[in-house]
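Colleague: Sharing a structure with you now.
A short reminder: the numbers here are calculations on the coordinates, not readings from a lab. Computed from a predicted structure; not experimentally measured. Cβ sites come from the backbone with ideal geometry, for glycine too, and all protein chains shown count toward neighbours.
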Amino acid sequence: MARSHPIVVAYDISKNKIRARVRKILREWNLDNQKSVYECRLTLEQAEELFLQLSAEIDTDTDNLIMAWVEMRRKVLTKGMGNNTSVNKKMFYYG
């Protein structure tokens, strides 16, 4: 089984209709979020599939989408409720 790695997904989408479709996709993946930033643990294959799904929805002339791997050798800095995030957990339940 492929190992999952921490990843952060963030977007800046100008149109409400597109933003709603992107949020729907991310909810279908059961991802933790805070406004337009989502954090999770995905395999490379899962991350590629999610990126393709989200890319199909955004308007590249007005919107931004970023998916960034969090390097586990470095400490993840958090403050407040951030210590309870899925990036800091050993397991992320996908399904």
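Colleague: With Cβ to Cβ distances under 12 Å as the rule, what net charge do the other residues near Ala10 carry (K, R +1; D, E -1)?
Modeller: For residues surrounding Ala10, the net value is -2.
Colleague: For the stretch 5-71, just the Cα atoms, rotate onto the principal axes and tell me the three extents in Å, largest first.
Modeller: 30, 20, 19
Colleague: Ordered by residue, what ³J(HN,Hα) values in Hz, to whole numbers, does the stretch 43-57 give under the Karplus form 6.51 cos²θ - 1.76 cosθ + 1.60, where θ = phi - 60° and Gly and Pro are x?
Modeller: 6, 4, 5, 5, 5, 5, 5, 4, 4, 4, 4, 5, 4, 5, 9
Colleague: Moving to a separate point now. Which value, in debye to the nearest 20, describes the size of the charge dipole of the stretch 5-71 about its Cα centre when Lys and Arg Cβ atoms bear +1, Asp and Glu Cβ atoms bear -1, and nothing else is charged?
Modeller: Dipole about the Cα centre, nearest 20: 440 debye.
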